[in-house]
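As structure tokens, the structure follows; a few thoughts come after it.
The values are calculated or read from the model by the stated rules, or taken from the named source; none is laboratory data. Not measured: the values here are computed from a predicted model. Cβ: placed from backbone, ideal geometry, glycine included. Neighbour counts: every protein chain shown. Protein only, heavy atoms only, side chains kept; ligands, DNA and RNA dropped before computing areas. Shrake-Rupley method; radii C 1.70, N 1.55, O 1.52, S 1.80 Å.
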Amino acid sequence: MERHLIEAGDKWPKRRRGSFDRVLVDAPKKLLRIHPGARFSASDLRSLVAHEVDVHAMRGMMGARQPLRMFAAGLSRSDTTEEGLAILAEERI
């Protein structure tokens with residue numbers, strides 16, 4: 001996943017701690033969080049890259065490049081739409 005972020009033109013630190021399921025993208029902080037006990041199959045990795053990096057991280061990176069800084073964190077009530085796009089991205093791989 002980190003390689004895909006670098007290929008997209010940005011390097012995000014990754015941390016292996018937290019109280020989330022397996023992977024969490026914190027776009028405003030440019031942080032990729034990986035649960036310390038998480039294990040991934042090749043299929044899991046493809047899905048996670050499509051969902052977390054190609055949608056959530058890229059939205060944050062593109063938003064941060066806009067003149068209005070509010071786009072970096074996302075707009076209110078856009079979570080449902082973004083999550084729907086992320087699920088669609090997973091299904092298309």
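The C-beta contact set for the stretch 66-79 (first residue within 15 Å of residue 56 (Cα to Cα), second residue open to solvent by less than 100 Å² (accessible area, probe 1.4 Å) and acidic (Asp, Glu), distance under 7 angstrom, 6+ apart or interchain) comprises 74/82. Screening 40, 20 for residues that are at pLDDT 85 or above, assigned to a loop (DSSP other than H, G, I, E, B) and open to solvent by 30 Å² or more (accessible area, probe 1.4 Å) leaves exactly one candidate, 40. Total residues in the stretch 78-88 satisfying the condition of being under 21 Å from residue 44 (Cβ atoms) and within 13 Å of the chain's Cα centre (by Cα): the figure is 5. Among residues of the stretch 47-77 being outside any helix (DSSP H, G or I) and over 15 Å from the mean Cα position of the chain (by Cα), the one that is surrounded by the fewest Cβ atoms within 10 Å (Cβ to Cβ) is 67.
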